[in-house]
1. Test Leu110 against the stated conditions and say whether it is out of contact with any Pro (no Cβ under 9 Å at 6 or more places or on another chain) and of a type outside the set (Ser, Thr, Tyr).
2. Can you tell which of Lys82, Lys106, Lys120 is of a type in the set (Lys, Arg) and in the same structural domain as Asp7 (by the TED database)?
3. Test each condition in (1) acidic (Asp, Glu); (2) assigned to a helix (DSSP H, G or I); (3) in contact with a strand residue (DSSP E or B) (Cβ under 9 Å, 6 or more places away or on another chain) for Glu128 and report the one that comes out false.
4. Would you check which residues across the range 10-34 are closer than 29 Å to Lys293 by Cβ, of a type in the set (Asp, Glu) and surrounded by fewer than 14 Cβ atoms within 10 Å (Cβ to Cβ) and list them?
5. Find the residue count for the range 504-530, including only residues that are of a type in the set (Lys, Arg) and surrounded by 18 or more Cβ atoms within 10 Å (Cβ to Cβ).
6. Taking the range 281-299, which residues are crowded, with 16+ Cβ neighbours inside 10 Å and part of a helix (DSSP H, G or I)?
7. Does at least one position in the range 31-45 carry a residue that is closer than 20 Å to Ser170 by Cα and touching a residue at least 40 places away in the same chain (Cβ under 8 Å)?
Amino acid sequence: MPELKLDPKYDNFDFPTTSATNQPGHPGHLTGEQEAQVNQLRMMLEQAGYTERLDTLTLLRFLRARKFNVELSKQMFINCEKWRKEFGGGIDNLLQTFDFTGEKKKLSHLYPQYYHGTDKDGRPVYIEQLGNIDLTAMYKITTEERLLSNLVVEYEKVSDPRLPACSRKSGHLLETCCTIMDLKGVGLSNMGQVYGYLQKASGISQNYYPERLGKLYVINAPWGFSGAFSVVKKFLDPVTVAKIHVLGSGYKSELLRQVDAENLPKEFGGSCECSGGCQYSDKGPWHDPQFAKPPAWLKKKEGDNTINNEASAPTEVRAGEAEASAAGGDKLAEETHVLSTAPFGFSVFIPRYRESSEEDLVENHLAWRRPHHGALSSFLITTISNNTTQGPPTSNNTTQGPPTSNNSHISGPPHPIATMGNALSQSFRIPAPTLTQDNLPDQTGRVHVVTGGYAGVGLELSKILYARNATVFVAGRNADKGASAIASIKSSSPSSSGKLEFLHLDLADLSSIKASAQDLLSRTDRLDVLTNNAGVMIPPQGSKTVQGHELQMGTNCLGPWLFTHLVMPLVKKTAASSPPGSVRVTWAASLATEMSPKGGVPMDESGVPTLPSDNRKAYSISKVANIFLATETAKRFGGDGVVSVAWNPGNLNSELQRHMSGLQSVVTKQICYPPVFGAYTELYAACSEDIKLENNGAYVVPWGRIGSYRADIAEGVKGGQADKFWGWCEKETKEYA
């Protein structure tokens, strides 16, 4: 077996140092270049004045975490050393003085977290149960500061003495753990309240403790969790996928294949019933005199200057990465948070924002999505691998803008790879906006209507247009919000020669829309751009419009269709006297279209949409429906000079999320961009010269570029499904026209 080359000054290990993991970058399996990079990093840190935690195992973990980029690894090490000095009065001091024994027992029924035995590969088994978390009750027993301090102390004990003892027993180096995460009883209600704590805890886990995941078993996983992972795992490195097991309630036989019954608590299908309770026993080789030795930090307390056994220097932990190849993939320490306190466990990843101005946030988001970074994300639950899909999709299962070929050979549900490829290309590695307030041509004399123009993305778009001297009708239901928004917009651009007017428009009440259209027609003699921005997203189950339509289909589709129909004569009149392609109607689609059923909008034989009871799926269908309306508008009115496009604004924080609750809302707000990014997408759809009559019906994706949607949706456009949906809209709104 190959051996790790040790440095006599820093490497004073009394346990095996060759990893059983036969992959480049792991101890005992280094290339010549990687050995040189270890030495280079050590030398740079010595020159910077660092003398502790420079052993080879620690430096390798830093290097693996940064793909063997020595400069980035150096900065990560320095950041960690700074944290170690500051946290809890210093980590070394914390290890000598902190005692959580009494509080741990009182907290055990609320948040069980413990190490118990080893798996069949010799790794420590860590168990975490999330179902009973109640932060209010927990803070009656302890404080957030002490919870975090306990977390850090446990991380340190994994590094030394747990892993060294396991390595001695197994006869080879063990650097990872086997994590069992029990989701039984987990719901949005109990997770949402602890988000702040989890965010801090996961920041510690991610930034300061390196790659420790050997195996992960997520048990009692709800259907949605399993479904999300089943899609995401197709994009993960096979080595990573092999470590992650997402299991429902029938998990016990699978768990026993990895952990002997004697090491598994009885409640999880094992035979162990430790005296006093398994969660208090801390059972493992680290308590066996044959393998256990005092940790280096305890030796320091006793005045022994022995170099640290197994480096406890912190770096980053990321679910599913511990054994991934160091040769490929992206690391995201500075761009993501890990939403879990589990040491080396499975986590939800969300982008991290620093405290910044909006301009800084814009720059941060652009930097995060530039091609030298990478991520893989689903809507709520995300696993990030170190081998992410690069760039936009190249599959034949996507189409660029409106369809130009027959795709009728495609059958079955949308292919998940094509779906996720589209989703990734519209969510990450996004090019910078090409049209912003800085280069938008002067809008003097042009009239825009922005529905939902007083909040979120609509507000940002209204600001940009007004700043460039446009006349903007801010359309919406609430006059007070409209007045407040108009005052705010005016104050942000005091030198503008544009105009701002409020237009009452309630898209959820078809009977009121004609009056709104007539009001607009009485106040302007032209309409250059109608931006159908307003809508609702995932409202409470069973929500209806005034006329009894499912709220999302009614507000997102029927209302905008009727309003557009009623003002179209003015739009056509404006187009007749305007530069070709400059007069437009734009429609709000979404990334959610990628999650819609095959064909996008299921309809019965009579042409009536058949909506599922799941309002998330209904939302995705309503967004495909707007692609249909955009392409049909282009087909029907392109000859009159009217351009019509749909757009996916991107993942944004906006008023659309007002109906979300609990963890769904919290996480969604964190993974999304500031609304101004969506405004750039809508601005491109409204004003970019890239969009012409020749590509009428195009699909715009973040942050302003011609993009693609699924081939089966394109087939719906070409094959008559869009025409049928248009006919349904016409029929449903006829009495209100």
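1. yes
2. Just one listed residue meets the conditions, Lys82.
3. That leaves (2) as the condition not met.
4. Across the range 10-34, the qualifying residue is only Asp14.
5. Here is the first cut: in the range 504-530, the residues of a type in the set (Lys, Arg) are 514, 523, 526.
After this cut, where a residue has to be surrounded by 18 or more Cβ atoms within 10 Å (Cβ to Cβ) as well, the list is none.
The total comes to 0.
6. Ser281, Pro285, Trp286, Ala296, Trp297, Lys299
7. Kept after step one, since they are closer than 20 Å to Ser170 by Cα, are these residues of the range 31-45: none.
No, the range 31-45 contains no residue that is closer than 20 Å to Ser170 by Cα and touching a residue at least 40 places away in the same chain (Cβ under 8 Å).
Each row is one residue, and each column tells you yes or no for (1) over 21 Å from Gly704 (Cα atoms); (2) under 34 Å from the mean Cα position of the chain (by Cα); (3) in a strand (DSSP E or B).
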{"position": "Lys463", "(1), (2), (3)": "no, yes, no"}
{"position": "Ser488", "(1), (2), (3)": "yes, yes, no"}
{"position": "Phe502", "(1), (2), (3)": "yes, no, yes"}
{"position": "Thr531", "(1), (2), (3)": "no, yes, yes"}
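The values are calculated or read from the model by the stated rules, or taken from the named source; none is laboratory data. The model shown is predicted, which means the values in this text are computed figures rather than measured ones. All Cβ positions, even for glycine, are placed from backbone atoms using ideal geometry, and neighbour counts span all protein chains on display.
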